[in-house]
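Visitor: Take a look at the following structure, please.
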Amino acid sequence: MSQGVAVVGLYVRDQDEAVQFYVEKLGFRIHTDARNGNYRWLTVQHPEQPSFQLGLFAPAPPTLDDATAQAMRELVAKGAMPPLVLVVDDCRAAFSQMRERGVEFTQDPIDRFGTVDAGFRDPSGNGWKMIQARRDK
Amino acid sequence: MAKVRPPKETAGASPTSLDPALLRRLLRAKDRMDAASHEEWPVERLARVSRVSEAHFARSFKDAFGVPPHRYLLTRRIERATALLRETAMSITDIAFQTGWKSLGTFGRTFRDVTGESPGDLRAREQAAAHQPEMVPGCFLSAAHRPDLKIAVSEKRRQEAADTLPPHDESEVV
């Protein structure tokens, strides 16, 4: 694939904490970690999805002014950011493994419309749904 | 970077600026209500989840999420009852008890006050309409149907009662 979405970013309250979460608890890999003064471009990647990077960005100067950064930190902490979906082969197995690693689940696995989904949050408050991929019939 | 700024107390600036660390803990209480809206959530239980004092919890929650915690819980229960009415063949009595009400009467009255129709009417209307719920993850779908309860149910009742009263004699109004 040569065209398409390459990076989508999340705002996180602390980039060190976030990268630790996405790498150690979710199994992502660091793709790019580049610093320029106070700015840090940090992206991670799902091991099975080499064409896509998830950016873990801090709402802070110089990208945002102080007041906007503060407002953004509040919104993230309130869980007001848009939904994220992680697709897995086996939701219950992933749930057990991630919970053991200390992931904060907001919803235990539920069977719904022929699939299974669970919910969790990253330390900042970004909410994920973890949905089991449908098997081809 | 990990340090969190204390909330600003500047009067007249943004209406409520709360410490993100506190907001994150308040979100945990909201998540817990979402996950088990059929359970009882007295303030002391919610305050414990958020690790704030009972005295500050309700006010902080309202500042953060725009509604008091008990009203938020009510909207979640109505949302869940609506989903069960729409998607299952469970009896209305079973739905009332499963979504956290202690009496069928209270459920029916509150449901009508919030949604404008009785549970039975909603079920009949929803089931008559064709749906394709599998196009949207169920969890988001149910959130989209969450009742938008901006005022207290008691206040809503008062307003509706006032609407149905005969016109007042307004001669005494200056």
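The values are calculated or read from the model by the stated rules, or taken from the named source; none is laboratory data. What you are looking at is a predicted structure, and each value in this text was computed from that prediction instead of being measured. Positions of Cβ are backbone-derived with ideal geometry, glycine not excepted, and every protein chain shown enters the neighbour counts. Protein only, heavy atoms only, side chains kept; ligands, DNA and RNA dropped before computing areas. Shrake-Rupley method; radii C 1.70, N 1.55, O 1.52, S 1.80 Å.
Visitor: Is the shape of chain A best called rounded, prolate or oblate, per the rule: a/c under 1.5 gives rounded, else a/b larger than b/c gives prolate, else oblate, with a ≥ b ≥ c the square roots of the Cα gyration tensor eigenvalues? All intermediate terms of the calculation are to be shown ahead of the outcome.
Guide: Details: a/c = 2.01, a/b = 1.54, b/c = 1.31.
Judged from the Cα gyration tensor, chain A comes out prolate (a/c at least 1.5, a/b above b/c).
Visitor: Right, here's the next one. Would you work out the relative contact order for the range B:42-135, in percent, from Cα pairs under 8 angstrom that are 6 or more residues apart? Display every interim value, and only then the final one.
Guide: Numbers: 57 pairs, mean separation 16.1, N = 94.
Once divided by the residue count of the range B:42-135, the mean separation gives 17 percent.
Visitor: Run the numbers on the range A:18-62 and let me know its relative contact order in percent, using alpha-carbon pairs under 8 Å that are six or more apart. Display every interim value, and only then the final one.
Guide: Details: 64 pairs, mean separation 13.8, N = 45.
Relative CO of the range A:18-62 lands at 31 percent.
Visitor: Here's something else I'd like to know. Determine the total buried accessible area between chain B and chain A, counting protein heavy atoms only with a 1.4 Å probe; round to the nearest 100 Å². Display every interim value, and only then the final one.
Guide: Details: alone 11350 and 8500 Å², together 17750 Å².
Interface area, both chains combined: 2100 Å², rounded to the nearest 100.
Visitor: How much accessible surface area, in Å² rounded to 10, belongs to the heavy atoms of B:Glu117 with a 1.4 Å probe?
Guide: For B:Glu117, solvent-accessible area is about 40 Å².
Visitor: Now, a different point. Quick one: if the Förster radius is 35 Å, what FRET efficiency do A:Asp66 and A:Ser2 give, using the C-beta to C-beta distance and rounding to 0.05?
Guide: Numbers: r = 40 Å, r/R0 = 1.13.
It comes to 0.30.
Visitor: Which length gain, in nm to one decimal place, applies between B:Gln98 and B:His70 when the Cα-Cα distance is subtracted from 0.36 nm times their residue separation? Working shown, then result.
Guide: Values: separation 28, 0.36 × 28 = 10.08 nm, distance 1.76 nm.
Value of the extension gain: 8.3 nm.
Visitor: Right, here's the next one. How high is the FRET efficiency from A:Ala34 to B:Ala58, r the C-beta distance, R0 30 Å, rounded to 0.05? Don't skip to the answer; put the middle values down first.
Guide: On the way: r = 45 Å, r/R0 = 1.49.
Plugging the Cβ-Cβ distance into 1/(1 + (r/R0)^6) gives 0.10.
Visitor: Right, something else. If r is the Cβ-Cβ distance from A:Asp111 to B:Arg112 and R0 is 51 Å, what FRET efficiency results, to the nearest 0.05?
Guide: About 0.95, to the nearest 0.05.
Visitor: When you count, for each residue, the other Cβ atoms within 10 Å and take the mean per peptide, how do A:61-70, A:15-24 rank with the highest first? Provide the component values of the computation, followed by the final result.
Guide: Values: A:61-70: 13.5, A:15-24: 17.6.
Descending mean neighbour count gives A:15-24, A:61-70.
Visitor: Another question, then. Can you work out the Karplus-derived ³J(HN,Hα) for every residue in the range B:96-101? Use 6.51 cos²θ - 1.76 cosθ + 1.60 with θ = phi - 60°, whole Hz, and x for glycine or proline.
Guide: After applying 6.51 cos²θ - 1.76 cosθ + 1.60, I find 4, 6, 5, 9, x, 8 Hz.
Visitor: Okay, moving on. I'd like the mean, over residues of B:30-40, of how many other protein chain beta carbons sit within 10 Å of each residue's own Cβ. Intermediate values should be presented prior to the final figure.
Guide: Numbers: counts 3, 10, 1, 0, 4, 5, 1, 0, 0, 0, 0.
Mean partner shielding for this stretch: 2.
Visitor: Run the numbers on chain A and let me know its relative contact order in percent, using alpha-carbon pairs under 8 Å that are six or more apart. Intermediate values should be presented prior to the final figure.
Guide: Values: 242 pairs, mean separation 30.7, N = 137.
The normalised contact order for chain A reaches 22 percent.
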